[in-house]
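Asker: One structure follows; several queries about it will come next.
Laboratory data are not the source of any read-out in this text; all were calculated from the coordinates shown. Predicted model, so just to flag it, every value in this text is computed and none were measured. For neighbour counting, all protein chains shown are included, and Cβ atoms are generated from backbone atoms with ideal geometry for every residue, glycine included.
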Amino acid sequence: MKPFEGVLTILDSPSDSPLTNSKEHRLVLTRRAVRQGLHTLLGKPVNCHANLERHDMNNPIGIIQSAHIDDRNRLIVYGRINEESLPRTTETLGMSVELDRVFIDDMRADVWIAYKCIFGGAAVLKRNKAAYKSTAFMVNQRGYFA
C-alpha cells in the first residue's frame, strides 16, 4: 500500500456537472456541511472502475485515513492505496465524492445546496469525468496540494 493525496471536492461552489443520482442537478457542498460531516469520511473506501470513467463501489483500492479543508475551500484527503489495483493511464486523474446521505435545502432548485452530508467514500477517475473538474489525485505524495 502506498500513500496518496487528493483534492476530493471544492466547497461552496457548484459542481461543474451533476453528481451521480442527483437527478441532473449540480450540487454545492457547503463548507459548514463538510466540516460537520468530515469525521464520516475517515476510514471510508476509495474505489475505481477499470476504465476510470465512473465509480465502482465493488472495486475498493484504498482507504481514506485523514482529511482537512484547506484555505482555498478544497477538501484534501490522504490515505493508502494499492497502486497495483489502479489502472494505468496517461490521463490526469481526479476524484469524485461519494455521499451516503446528503440533505438539500430546496429539492426544486436548479442547483442543490447541501446543508448536511454523510460521506460514503471516494472514487478515483479521469479528471474530465469528475463532477468537479478541479479535483486531483496523486500517489506517493504528501503535501503536494498544500
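Asker: Taking the alpha-carbon distance from Lys2 and a cut-off under 14 Å, which aspartates and glutamates remain once sequence neighbours fewer than 8 residues away in the same chain are dropped?
Answerer: Candidates past the 8-residue exclusion: Glu83, Glu84.
Asker: Among Thr89, Thr20, Thr135, which one shows the highest mean-square fluctuation when the chain is modelled as a Gaussian network with alpha-carbon springs under 10 Å?
Answerer: Thr89
Asker: What is the sum of charges around Glu91, taking Lys and Arg as +1, Asp and Glu as -1, for the other residues whose C-beta is under 12 Å from the C-beta of Glu91?
Answerer: The answer is +3.
Asker: Nearest 5 is fine: what % of DSSP beta bridges in the range 2-130 come out antiparallel, could you say?
Answerer: Close to 85 percent.
Asker: Moving on to the next point. So which trypsin sites (Lys or Arg not before Pro) in the range 65-146 pass both tests, a DSSP loop state and at most 12 other Cβ atoms within 10 Å of the Cβ?
Answerer: Of the trypsin sites (Lys or Arg not before Pro), the ones in loops of the range 65-146 whose Cβ has at most 12 other Cβ atoms within 10 Å are Arg72, Arg88, Arg108, Arg142.
Asker: Give the residues of the range 65-86 whose amide nitrogen is closer than 20 Å to a point set 7 Å from the Cα of Thr40 in the direction of its Cβ.
Answerer: 65-70, 74-78, by backbone N distance to the label point.
Asker: Another question, then. In straight Cα distance, which lysines are under 28 Å from Lys23, not counting same-chain residues fewer than 8 positions off?
Answerer: Lys44, Lys116, Lys126, Lys129, Lys133
Asker: To continue, here is another question. Contact order normalised by length for the range 2-130, with contacts defined as Cα pairs under 8 Å and 6 or more residues apart; what percent is it?
Answerer: Result for the range 2-130 is 33 percent.
Asker: When the helix-only estimate is applied to the chain (DSSP H runs of n ≥ 4, each -39,500 (n - 2.57), divided by the residue count), what is the mean residue ellipticity at 222 nm, nearest 500 deg cm²/dmol?
Answerer: -1000 deg cm²/dmol
Asker: Once you sort the root eigenvalues of the Cα gyration tensor of the chain as a ≥ b ≥ c, which label holds: rounded (a/c under 1.5), prolate (a/b larger than b/c) or oblate (the other case)?
Answerer: Judged from the Cα gyration tensor, the chain comes out prolate (a/c at least 1.5, a/b above b/c).
Asker: Okay, next question. Out of residues 5 or more away from Lys133 or on other chains, whose amide H comes under 5 Å of its own, with H placed 1.01 Å from N in the peptide plane?
Answerer: So Lys133 has HN proximity to Asp16.
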